[in-house]
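Since every read-out is calculated from the coordinates, none of them should be taken as a lab result. The structure presented is a predicted model; accordingly, all values stated were derived computationally and were not measured. Virtual Cβ from ideal backbone geometry, glycine too; neighbours counted across all protein chains shown.
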Number of protein chains: 2
Amino acid sequence: MSDTNDSCVLCTTPGGAPVWQGAKLRVIRAEEPGFPAFYRVVWTAHSAEFSDLSEEDRLLCMQVVAAVERVLRVQLAPTKINLAALGNMVPHLHWHVIARFDWDSHFPAAIWAPAQRERSPEQEAALVARLPEIDAHLVATLQPWS
Amino acid sequence: MSDTNDSCVLCTTPGGAPVWQGAKLRVIRAEEPGFPAFYRVVWTAHSAEFSDLSEEDRLLCMQVVAAVERVLRVQLAPTKINLAALGNMVPHLHWHVIARFDWDSHFPAAIWAPAQRERSPEQEAALVARLPEIDAHLVATLQPWS
């Protein structure tokens, strides 16, 4: 598979707010409405599936996913972390790393399911206020993989 | 965190059709209506989050996830593989490994989203007919981690 695909949105754009760029992958903030603490680990090369990566690259990828997860847990104490690599619409390997809270609009359903309740502007705003600090922690934590 | 939790469905039941049992984790077939080729990699100990595992255990876990993914790809040539560790309802680490097809009821949406179309009994039946063979390939492939 070629390294870049000119018609792929994750090959041609950051895919969200850039947070950290490593040698083989990057972390972006997804900026999905209702889920402020929603990050993505995006593999740089245009590979569709996790098992397209070498064992070494899969290890690197999941080290970064686990590091992002750990920062979110330590900083935000979410109810649950959700991890997912779907890629049905954008078949370029990217891991969703989402801090979920029992007050969020969809909990305990998946974020792709119908909403369970109204959004909470106050609690979302409190999370949004933490994002610059979270992003800084991510950059510091991910430094070994830069 | 203790190794077992008496009120956890993945501590007290297989959680699906047993396919393979390893020293630290197992593979089950989820038996979710509409998605015959839907497997789960279930960590044996009652850990909620991926980052609760040691680096060594995370590597083992994702080696098995990638091995299941590869068997599904080689045997079924799905449109896409979906991987997810959510656990909002059952906070015991389990990885969904789902072979998705462009004809399935939800594609390209996530399986947790509203359906996009009617189910296809004929195509589902053709997949179901392959499951004993897929399960056998999984058992053979996962032997190194038994």
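One table, with the values for the structure above:
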read-out	value
Hey, residue A:52 touching a strand residue (DSSP E or B) at 6+ places or on another chain (Cβ under 8 Å) and either of a type in the set (A, V, I, L, M) or within 13 Å of chain B (Cβ to nearest Cβ) (or both) or not	no
Test result for residue B:84, assigned to a strand (DSSP E or B), without any contact (Cβ under 8 Å) to a residue 60 or more places away in the chain and under 28 Å from residue A:80 (Cα atoms)	yes
Sole residue being farther than 20 Å from residue B:69 by Cβ and at the interface with chain B (Cβ under 7 Å from one of its Cβ atoms), chosen from A:77, A:109, A:37	A:109
Subset of region B:72-101 [among the β-branched types (Val, Ile, Thr), within 10 Å of the chain's Cα centre (by Cα) and closer than 18 Å to residue A:90 by Cβ]	B:98
Selection count where residues are in contact (Cβ under 8 Å) with a residue 12 or more places away in the chain and either of a type in the set (Asp, Glu) or more than 30 Å from residue A:71 (Cα to Cα) (or both), scope region B:40-72	7
